[in-house]
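The values are calculated or read from the model by the stated rules, or taken from the named source; none is laboratory data. The structure displayed is predicted, hence computed values, not measured ones. Here the Cβ is made from the backbone with ideal geometry for all residues, glycine too, and neighbour counts use every protein chain on show. Please note that ligands, DNA and RNA were not included when accessible areas were found on the heavy atoms of the full protein model with its side chains. Shrake-Rupley method; radii C 1.70, N 1.55, O 1.52, S 1.80 Å.
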Amino acid sequence: MSVKVKQWKGAWWVFINHQGRRKAKRIGEGDAGKKAAKEAAAKIAAKLALGELQLEDVKIPTLRDYAEEWLRTYAARSTKPRTYELYESLLRRHILPELGELQLPEVHREKIRRLLTARGEEGLSRGTLRNILAPLRELLNQALDDGLIANNPAARLGRSLLRGPEPMGKRRLEIFTEEELAHLLSTADQEYPDQADLIRLLAWSGMREGEALGLQWGDLDLHGGFVGIQRTISHRQGRLLVGTPKSGKPRRVDLPRDLLARLTQRWEIVKAEAAFEGKEPVSWVFLNRAGNPLDDKNFRSRFWYPLLEKAGLRRLKPHALRHTYASLLLKRGESVVYVKEQLGHSSIQVTVDLYGHLIPGAHRGAVEALADATGRNLGATKQKQEPQPSLQVPDFLGGPSRTRTSDPLIKSQLLYQL
């Protein structure tokens, strides 16, 4: 038996699960509704325990109805805007067309498994399948808390279905070569000088696009040579949304001298222009013509993709600069730990999974040393029957003069070398 008080559809409800039957009752709104719902829940629990109350079957919402309410009341408040958009898109495109008309208790584990299997056979990667499963699992967790289902059929489903290496050809990071990146940066200086610093920052720091666009002058330590990543920004329906970095934690990123010099010069110009106008300098580093933080969509459409066309390069997203940064550092022998810290990954496993295959021959020196050492020892073992000179020279140390061989020629050669 369970009697729980939950807020749903803007009001406080009592959800009852007793002897296989479930019932939900709307109590009221606001603080008064919450207090009344708690009092009602206590009375209902007492009557059920004494057998004084019998439940009638209640109509359980469909997955579609519950998902719409879940998106509005939970996901919109508890997730970042991009995560919310992703959840809404995945539910609308993949989950609800197949499972949306089922009542919540009818969403069985096997039906979810068949859905993911079908999507995988259509060519979706395992990463995309994990993304599809994520909002469904969270949604059903909430339904479980509300007492509408007895267990979450999506819990731990990915352990057996979505583990293992990605099939060959399924995942390929899009990156620029060193030559392509050099050409891209040179073209940016020529064609879009006002945006060249931003493009270099993305290429030489591994920052995410929203992190770079959300940079403020106070985040930069131009003398220490680093930047503190404090926030990420995005624009939705004309509104500026400011949030924490993806990991939820700030981090420090080292910057190269050339980029520091460029940013220093940019800061001096900003201060001079502000002083001329008698104003305080704008805090944001990268601005549009209106003096507001640059919109990521505006940056892509007006500068990034035209730049790629002028440079004659593939049409890759700006995020390719982040992948390029990481892969080139690793190929040059930088440690995975350092790259992980620069990128702000939640764990080193994420870094290894993404970029580990891009380090061909990184440990060849250690492999060759191992083969050389064990190969020489193996050769010595194979020649046990043949007399070998001793590397000890007891005659010089005052010990016994006997060596492991009585061959005077070998002995004289040893003495000559010593």
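Couple of notes before you dig in:
- Those helices (runs of 4 or more DSSP H) of the stretch 139-253 in which 3 or more residues are farther than 26 Å from LEU313 by Cβ, at pLDDT below 95 and not basic (Lys, Arg) occupy 158-161.
- Within the set GLU68, GLU85, the sole residue that is closer than 18 Å to TRP12 by Cα and of a type outside the set (A, V, I, L, M) turns out to be GLU68.
- Conditions (1) closer than 24 Å to VAL227 by Cβ; (2) free of Cβ contacts under 8 Å to residues at least 24 places away in the same chain: number failed by HIS323: (2)
- For the stretch 58-66, the criterion of being part of a helix (DSSP H, G or I), on the phi < 0 side of the Ramachandran plot and open to solvent by less than 30 Å² (accessible area, probe 1.4 Å) is satisfied by at least one residue.
- Residues considered: VAL367, VAL352, VAL339. Of these, the only one that is in contact with a Ser or Thr (Cβ under 8 Å, 6 or more places away or on another chain) and either part of a helix (DSSP H, G or I) or modelled with pLDDT under 95 (or both) is VAL339.
- Residues that are loosely packed, with under 15 Cβ neighbours inside 10 Å and not small (Gly, Ala, Ser) within the stretch 107-119 comprise HIS108, ARG109, GLU110, LYS111, ARG114, THR117, listed in sequence order.
- Restricting the stretch 90-106 to residues that are under 32 Å from the mean Cα position of the chain (by Cα) and over 16 Å from GLU138 (Cα atoms), the residue that is surrounded by the fewest Cβ atoms within 10 Å (Cβ to Cβ): ARG93
- Leading residue by the ranking (nearest to THR83 (Cα to Cα)) among those in the stretch 241-262 that are in contact with an Asp or Glu (Cβ under 8 Å, 6 or more places away or on another chain) and open to solvent by less than 20 Å² (accessible area, probe 1.4 Å): PRO245
- Entry remark, the stretch 71-89: residues being surrounded by fewer than 16 Cβ atoms within 10 Å (Cβ to Cβ), without any contact (Cβ under 8 Å) to a residue 12 or more places away in the chain and among the hydroxyl-bearing types (Ser, Thr, Tyr) number 3 in total.
- Taking the stretch 200-234 as the range and being hydrophobic (A, V, I, L, M, F, W, C) and closer than 13 Å to VAL285 by Cβ as the test, the residues that pass are LEU201, LEU202, MET207, ALA212, LEU213, LEU215, TRP217, LEU220, LEU222, VAL227, ILE229, ILE233.
- Of the residues making up the stretch 42-53, not a single one is of a type in the set (Asp, Glu), modelled with pLDDT of 85 or more, farther than 29 Å from GLY243 by Cβ and surrounded by fewer than 17 Cβ atoms within 10 Å (Cβ to Cβ).
- Residues in the stretch 254-296 that are at pLDDT below 90 and of a type in the set (A, V, I, L, M): 1 in all.
- Scanning the stretch 194-240 for residues that are surrounded by fewer than 15 Cβ atoms within 10 Å (Cβ to Cβ), over 24 Å from LYS271 (Cβ atoms) and either touching a residue at least 24 places away in the same chain (Cβ under 8 Å) or among the acidic types (Asp, Glu) (or both) yields a total of 1.
- For the stretch 327-342, the set of residues classified as out of contact with any Lys or Arg (no Cβ under 9 Å at 6 or more places or on another chain) and buried (at least 16 other Cβ atoms within 10 Å of the Cβ) consists of SER327, LEU328, LEU329, LEU330, VAL336, VAL339, LYS340, listed by residue number.
- Scanning the stretch 271-311 for residues that are assigned to a loop (DSSP other than H, G, I, E, B), open to solvent by 30 Å² or more (accessible area, probe 1.4 Å) and touching a residue at least 24 places away in the same chain (Cβ under 8 Å) returns PRO281, SER283, ASN292, ASP295.
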